[in-house]
Amino acid sequence: MEKRVENFARKVQESVEKVIFGKAWEVRLVILALLCQGHVLIEDVPGVGKTMLARAIAKSIGCQFRRIQFTPDMLPSDITGVTVYNQKTGEFEFRPGPIMANIILADEINRATPKTQAALLEAMEERQITVDGVTHPLPNPFMVLATQNPIEYEGTFPLPEAQLDRFMMRISLGYPPFDEEVRVLEAQQFRHPIERTEQVVTLEELREAQEVVKGVYVSEEIKRYIVDLVGATRKHPDVYLGASPRGSLALYKASQALAAISGRDYVIPDDVKALAIPVLAHRLILTPSARVKEVKPSQVIEEILYYLPAPGAKPL
């Protein structure tokens with residue numbers, strides 16, 4: 001069964017890497033989140049391929065894609081939809097917003113006001129939206145890929161902790177290596193590679209792969225290691241607020257997915273270690289003194305991984 005997930009991930013990755021060059025691990029992380037029915041926050045400077053990554057993923061699995069450009073004047077109804085009165089029928093009708101799709105690109109999400117950002121909370125966690133007291137289920141699968149620029153802060157509204165916690169991972173694409181950037185120039189000489197991207201898997205194959213991932217075995221020792229790791233973020237002297245139980249669950253599910261796409265039906269400690277930073281770092285709020293010292297959340301996670309004994313390892 002795991003071979004099916006491995007083949008699914010390989011097909012999607014090969015398709016996406018025809019558009020996004022030199023970012024194999026970052027592409028794999030997005031596929032992992034897709035298999036876990038999670039959401040991804042892509043935090044990076046403009047022009048590194050954030051939008052193209054979302055479009056390539058959507059085209060590769062042949063699903064419905066919507067791009068929402070967040071702006072300060074956007075209202076929650078611009079995302080969820082509105083209920084309007086139909087004069088012909090004499091009834092109120094729901095007109096769905098762009099959130100009603102399989103993959104949503106929330107572009108520059110931190111440019112919208114907190115009120116508008118909050119419109120995504122119910123959708124991301126419960127996979128439904130409520131408009132005028134009526135609840136509407138979202139399509140299956142459903143995934144939010146949000147982007148934000150970490151450099152430009154003027155006119156932005158930082159995402160609140162509740163919003164950040166709903167993202168399974170935060171990743172950064174970064175600039176491509178020199179040779180890969182040369183490939184980018186060559187690949188786009190006549191037309192963009194996204195125009196040649198075709199569907200390589202079906203939505204049914206995705207749903208099957210998601211079910212297989214849920215069945216990957218996680219030993220009691222690995223479960224305790226995950227909880228110990230997350231618990232250590234709450235006790236670290238540089239951390240004001242550590243990762244929540246939702247962070248533990250996200251790391252658990254992501255580790256299952258990484259094991260499955262690696263061809264295994266069981267999780268090993270290296271799966272947990274590889275995913276600790278992208279899954280947990282954005283959930284940490286550092287103390288003021290740590291921020292003054294320019295300590296980064298990723299450094300806190302690395303320190304915990306170094307000192308926390310992994311299952312089967314002897315403590316330092």
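Just so it is clear, none of the values below were taken in a lab; they were calculated from the coordinates. Owing to the predicted nature of the structure, the values given are computational and were not obtained by experimental measurement. Cβ coordinates were reconstructed from backbone atoms using ideal geometry, including for glycine residues, and neighbour counts include every protein chain displayed.
Normalised radius of gyration (Cα atoms, divided by 2.2 N^0.38 Å) for region 128-281: 1.30. Just need the relative contact order of region 215-307 here, percent rounded to a whole number, with Cα pairs under 8 Å and 6+ apart. 35 percent. Please say if region 98-143 is rounded, prolate or oblate, where rounded means a/c under 1.5 for a ≥ b ≥ c the square roots of the C-alpha gyration tensor eigenvalues, and otherwise the choice is prolate for a/b larger than b/c and oblate otherwise? The shape class here is oblate.
Dividing the mean sequence gap of close Cα pairs (under 8 Å, 6+ apart) by how many residues the chain holds gives a relative contact order of 23 percent.
When peptides 165-175, 283-293 are ranked by their average number of other Cβ atoms within 10 Å per residue, the highest-first order is 165-175, 283-293.
Only lysine pairs 8 or more places apart or on separate chains count here, and in region 2-207 those with Cα atoms under 16 Å apart total 7.
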